[in-house]
Amino acid sequence: PAFVELTDVTHAYGGDGVSAVEGLSLAVGEGEFAAVVGPSGCGKSTLMKLATGLQFPRRGTVRVAGDAVRKPVKLAGMAFQNPTLLPWRTTLDNLLLPLEVVEPHRSRLKRERDRYVARAEALLAQVGLAGQGQKFPWQLSGGMQQRASLCRALIHEPQLLLLDEPFGALDAFTREELWCVVRDLAAARGMTVLLVTHDLREAVFLADRVFCMSARPGRIIAERVVDLPRPRD
Ligand code: ADP
Ligand code: ADP
C-alpha cells in the first residue's frame, strides 16, 4: 500500500500566478526509498512541504499512512539543505528537539532522557560526530551541522523520512559515506523515505524508485524502478 500518496495536486504561492506544481501525482510504498529529481525551481521543496502538511494544496489530495493530511505530519523526520539547528542549544539538545514535539508527556521525556541521549550519541557517532554533542552549532563546520541535522531527523525513529537535498554542503567523500549511513538506517528500520535531489547519481545510488519532475509547474513526467546490483561496503 502507498504510504505517501499525492493525487493530481496543484499548488501555487500567489505572486506571478504560475503554479509551483500542477497535476502532480506520485505514490511511495511503505518502506520504500524514493527519490525525486528535477531542475531547480520545479517544485521539489513544495512537494516535500505538501507531503508533510507544511503547505496545503489548492487542488488534489495528499495522504500519508492512509490519512488525508490536514496538519503537520508528526510521524515524519525532516532534513533540509540548510541545517536548521537552534544556535542557543547544544548539538545534543538540538537532536532531542523532535522528541519534545512528538512526546506529549513531559514526565516521560524526563524519565527516558538517558535512553534518548544514548540514542542521540549513537547517531552522532554513526555520522562521524562522536563526542561533538556538547558543542554549539556555531562551533561546528557547515558539513558537521548538516550531519547533525540529519541525526535530528532520525532521533524519534520516524516512519517517514523527508530529505530535501541534505547532502549539499558535504565534501564528496563525506557525502558518499553519509549516503551509506542513510541507506543502511532506512533499510534496517523499514523507513519510508522521500529524497529530493538534483543529483541523479545520488538518486540512483540511494533509491528503489526514482521520479523525474518537469520544469515549473512541476509534475511527475517519468518514474523508474532502480533495479541495479548495489555495491555493499
Ligand atoms: P525546487 O525545490 O524544485 O527548487 P520549490 O518547490 O522551492 O522548487 O519552488 C517551486 C516554485 O515555487 C519556484 O518557482 C519558486 O520560486 C516558487 N516558490 C517556492 N516557495 C515560494 C514561496 N514561499 N512564495 C512564493 N513562491 C515560492
Ligand atoms: P565541512 O565539509 O565539514 O564543512 P570544513 O572545510 O568547513 O568542512 O572544515 C573541515 C573540518 O574542520 C571539519 O570537518 C571540522 O572537523 C573542522 N572544523 C571546521 N570548522 C570548525 C569549527 N568552527 N569548529 C570546529 N571544527 C571545525
**Prompt:** In debye to the nearest 20, how big a dipole does the chain give about its Cα centre with +1 on each Lys and Arg Cβ and -1 on each Asp and Glu Cβ?
**Reply:** 680 debye
**Fill in**
Non-local residues with an amide H under 5 Å from the amide H of L195, with H modelled 1.01 Å from N and Pro and chain starts lacking one, are A34, A35, V36, L163
**Nonlocal amide H pairs with G218, under 5 Å, H built at 1.01 Å** = V21, E22
**Binned Cα-Cα distances of segment 126-233, short to long, each 5 Å bin given as a whole percent** = 2, 10, 21, 23, 19, 13, 7, 3, 2, 0
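What does the extension gain come out to for R224 and V117, with contour length at 0.36 nm per residue minus their alpha carbon separation?
Working: separation 107, 0.36 × 107 = 38.52 nm, distance 3.94 nm.
Fully extending the segment from R224 to V117 adds 34.6 nm.
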**Message:** Full-extension gain between N82 and S141, please, as 0.36 nm times their residue separation minus the C-alpha to C-alpha distance.
**Reply:** 20.0 nm
**Message:** Give the average over all directions of the projected area of the C-alpha convex hull of segment 1-99, one decimal, in nm².
**Reply:** 7.8 nm²
**Asked** Of V181, Q126, L154, whose Cα points farthest to the positive end of the dipole of segment 48-188 (charges on the beta-carbon: +1 Lys, Arg; -1 Asp, Glu; origin at the Cα centre)?
**Response** L154
**Fill in**
At q = 0.10, 0.16 Å⁻¹, the log10 of I(q)/I(0) for the chain from a Debye sum over equal Cα scatterers comes to -0.46, -1.15
**Item:** Residue among A27, A222, A153 with the largest mean-square fluctuation in a Gaussian network model of the chain, springs linking Cα atoms under 10 Å
**Value:** A222
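If each residue of separation counts as 0.36 nm, what is the full-extension length gain between K110 and L75 once their alpha-carbon separation is subtracted? Don't jump to the answer; show the numbers that get you there.
Working: separation 35, 0.36 × 35 = 12.60 nm, distance 2.07 nm.
Contour length minus Cα-Cα distance gives 10.5 nm.
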**Request:** For n ≥ 4 DSSP H runs only, could you compute -39500 (n - 2.57) per run for the chain, divide by its residues and tell me the 222 nm figure to the nearest 500?
**Result:** -9500 deg cm²/dmol
**Request:** Report, largest value first, the span of the C-alpha coordinates of segment 74-118 along each principal axis, in whole Å.
**Result:** 33, 23, 17
**Separation of alpha-carbon centers, segment 110-178 and segment 19-80, rounded to whole Å** = 23 Å
**Request:** Specify the residue with the greatest mean-square fluctuation among R115, R59, R175, computed from a Gaussian network of the chain linking alpha-carbon atoms under 10 Å apart.
**Result:** R115
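Quick note: the coordinates plus some simple rules give every number you see, no bench work behind them. All values derive from a computational prediction rather than experimental measurement. Glycine also receives a Cβ, built like all others from the backbone with ideal geometry; neighbour counts cover every protein chain displayed.
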